[in-house]
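This report refers to the structure that appears directly beneath it.
Just so it is clear, none of the values below were taken in a lab; they were calculated from the coordinates. Everything numeric here is computed off the predicted structure, so don't read it as measured data. Backbone-built Cβ (ideal geometry, glycine too); neighbour counts: all protein chains shown.
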Amino acid sequence: MDYQFQWRPVIQALPQLLEASLVTLQVSVLSMGLGLLMGLVLYFIRKSPILPLRAFATTWIEVARNTPSLFQIFIFYWGLGEFGIFLSPYVSVVAALSFNCAGYMAETYRGGFAAVPKGQNMAARTLGMTAWQSLRYVELPQVLRAIYHPMTNQFTWIILASSLGMLAGLRELSGETQYFNSRTFRTFEFFMAAAVIYYVITKIALLVLKAIGWNLFKAERAAK
Amino acid sequence: MSKLRTFSFLAPAILAASLAAAPAYADKLDDVLNSGTLRCAVVLDFPPMGYTDANNEPAGMDVDICKDLAERMGVEAEIVGVTWAERIPSLISGRSDVAIASSSDSLERAKTVGFSIPYMVFQFQALLPADSTVTSWDELKDLNVGVAIGTTYESELQAYKDANWTDSSGEITTFQSENDTYLAVSQGRVAAGIATDTAIANIVAADTYQNIKAGPVAPFGADIVGFMTVRNEYGWLNFLNLYINRAYRDGTLQDLYGKHIGGTMPDLTTAGVYY
């Protein structure tokens, strides 16, 4: 390969790339938060005795898990646009990623709840706890522990999937990289730099989540 | 020291030997002639310059120029379909020998790639929804204008806005491709899109979108494009330059322009300056 690497254009663009990384991180955290909440709601709705609700949740989970995220982003951005609903790139991407995340998390919650023995709920109710108290103080803490690691995986996935946002015109890290690439034609340098930044962001996010987990599950470790 | 002197008589011999041993440098032009195939990187979603026809074969002015160049070199033409972003990686990784891909010759890009002399000139123009009331360029000032990211017209539009529309309440929305820009205009997501005059004439004539029309031409000058190749391939660039010169002189470029765009080929020279 007859190519001289020039890193100066990348270094000059570094402030903008880092700023765009913040957008990536923002979008990811927001989508993850919304996805966690909606996923829990979906999990309960899916167990609902009311058929339409159940069908709604099942459809959501099936579509979210079995279609490409790229397609989901396009639907929120261009698909809704066909009906005159114009979401900004930022909103479209957050909506699509949380939609996707909720679908996956609903399944993860199912696994988490399945890991809590039925007797726990019964025991809690026998002790006079309401259904809500049993959920809040007995089951959810155990579910959280069970789903914590799958959840961190999901978060990594969201950070990386947010790069699809550039296809809806979002100037997150990939979009910004593409912008500088087409201005300077320093393709290899810019994409390598972006890959390194993604790696660092993901590693830091995982470390932070690990630290949080370490603190959250102190009691369990002590009991062992 | 004495040892060094002992062997110093060998120095001219070593020099001569190393010169003789140095491999003859085969440049890109040799490579193409020897391989018998000219591989051109062409962007195939930029009609009428490059696209795929009804039989899914590459077609367009850039494609025909590649074929003409290959014919004159006595080799086979091979079209390598690329996106805007893949043009340079395609050249550098050796997948193509030349990019004939309507590439604007900015100095920023010339820091990385080698440009030929111009072979085509575009104008920038606004694409409007059919019901738009915009008739002059400066009416775009406070509107949401869409443009494909990383294109020359994107940076030109931004620069023009910064210089002339300082109190603008409008915004510039960037899209990943030309097609996204057209779609956004047709949906009404943006009040106008910017693209090249040839592309706009093409998309307005095609029946993909019913509700769009051509708008005012941008005041920021012509978009002059050249072939691109690896920066240090001087011999190859010289050959390409001569080809463009001859293809213009003998009317080939005019014929292709008439076939794909219609009308008279724009002047490729810049008045008052040597290239």
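Inter-chain neighbour count for A:182-194: the average number of beta-carbon atoms from partner chains within 10 Å of each residue's beta-carbon is 5. Peptide packing for B:178-190, B:106-118, A:102-114, B:209-221 was compared via the average number of neighbouring C-beta atoms within 10 Å per residue; ordered from the highest value, the list is B:178-190, A:102-114, B:106-118, B:209-221. Between the amide H of B:Ile172 and those of B:Val145, distances stay under 5 Å, these residues lying 5 or more places away or on another chain, with hydrogens modeled in the peptide plane. Per residue of B:136-149, other chain Cβ atoms within 10 Å of the residue Cβ number 1 on average.
When both segment A:186-224 and segment B:162-204 are represented by their alpha-carbon centers, they are found 39 Å apart. Straight-line reach from B:Lys141: which lysines have Cα under 28 Å away, leaving out those fewer than 8 places along the same chain? The reachable lysines, counting only those whose Cα sits under 28 Å from B:Lys141, are B:Lys161, B:Lys213.
Would you tell me the mean number of C-beta atoms belonging to other protein chains that fall within 10 Å of each C-beta in B:186-193, as a whole number?
Mean partner-chain Cβ count within 10 Å for B:186-193: 3.
Qualifying trypsin sites (Lys or Arg not before Pro) in segment B:26-97, where qualification requires a DSSP coil assignment and no more than 14 other C-beta atoms within 10 Å, comprise B:Arg95. For B:Tyr274 and A:Phe86, a Förster radius of 56 Å and the Cβ-Cβ distance give a FRET efficiency of 0.70, rounded to the nearest 0.05. Remark: segment B:166-171, residue by residue, has Karplus-estimated 3J(HN,Hα) of 5, 9, 5, 9, x, 9 Hz, where x stands for each Gly or Pro and the curve is 6.51 cos²θ - 1.76 cosθ + 1.60 at θ = phi - 60°. Taking Cα atoms, how many degrees apart are the long axis of helix A:140-161 and the longest axis of chain A, rounded to 10 and kept between 0 and 90? Taking Cα atoms only, the helix is inclined about 20 degrees. Rounded, prolate or oblate: which fits the protein assembly as shown, taking a ≥ b ≥ c as square roots of the Cα gyration tensor eigenvalues, rounded meaning a/c under 1.5, else prolate when a/b beats b/c? Oblate, since a/c reaches 1.5 and b/c is not below a/b.
Taking Cα atoms only, the orientation of helix A:8-46 departs from the longest principal axis of chain A by about 20 degrees. Between B:Glu76 and B:Thr37, B:Leu38, the built amide H atoms are under 5 Å apart, and every one of these is 5 or more places off in sequence or on another chain.
The fraction of all Cα pairs in chain B landing in successive 10 Å bins from 0 to the largest distance is 6, 26, 29, 19, 9, 5, 4, 2, 1, 0, given as whole percents. Note on chain A: GNM, Cα springs under 10 Å; of A:Phe191, A:Phe155, A:Phe76, the largest mean-square fluctuation is that of A:Phe191. Helix B:61-73 and the long axis of chain B differ in direction by around 20°, with both axes built from C-alpha atoms.
Gap in Å between the Cα centre of segment A:78-112 and the Cα centre of segment B:208-275? A separation of 44 Å, based on Cα centres. Starting from the 7 Å offset along Cα-to-Cβ, what nm value, one decimal, do you get for the label separation of B:Gln123 and A:Val200? The two pseudo-label positions are separated by 4.7 nm. In percent, rounded to a whole number, the relative contact order of segment B:124-217 is 49, using alpha-carbon pairs under 8 Å and six or more apart.
Phi-derived couplings, Karplus 6.51 cos²θ - 1.76 cosθ + 1.60 at θ = phi - 60°, listed residue by residue for segment B:240-246: 4, 4, 5, 4, 4, 4, 5 Hz, with x used for Gly and Pro.
Amide H to amide H distances under 5 Å link A:Val116 with no residue, where only residues 5 or more positions off or on other chains count and H is placed in the peptide plane.
Considering only Cα-Cα distances, which of the following residue pairs are longer than 22 Å: B:Lys28/B:Lys67; A:Lys118/A:Lys210; A:Lys47/A:Lys118; B:Lys28/B:Lys259? Beyond 22 Å between Cα atoms: A:Lys118/A:Lys210; B:Lys28/B:Lys259.
Karplus-based coupling profile of segment A:112-117, in residue order and whole Hz: x, 5, 5, 6, 8, x, with θ = phi - 60° in 6.51 cos²θ - 1.76 cosθ + 1.60 and x standing for Gly or Pro. A Gaussian network model of chain B, with springs between Cα atoms under 10 Å, assigns the largest mean-square fluctuation among B:Val225, B:Val134, B:Val42 to B:Val134. Among B:Asp53, B:Asp97, B:Asp207, the largest mean-square fluctuation in a Gaussian network model of chain B, built with springs joining Cα atoms closer than 10 Å, belongs to B:Asp207.
Using Stokes-Einstein with the Kirkwood hydrodynamic radius over Cα pairs, what translational diffusion coefficient do you get for chain A at 4 °C and a viscosity of 1.567 mPa s, in µm²/s rounded to a whole number? Stokes-Einstein gives a translational diffusion coefficient of 66 µm²/s. By the Cβ distance rule of under 4.7 Å, the protein assembly as shown has these cysteines without a partner: A:Cys101. Shape analysis of segment B:117-244 places it in the prolate category; the axes a ≥ b ≥ c from the Cα gyration tensor give an a/c of at least 1.5, with a/b above b/c.
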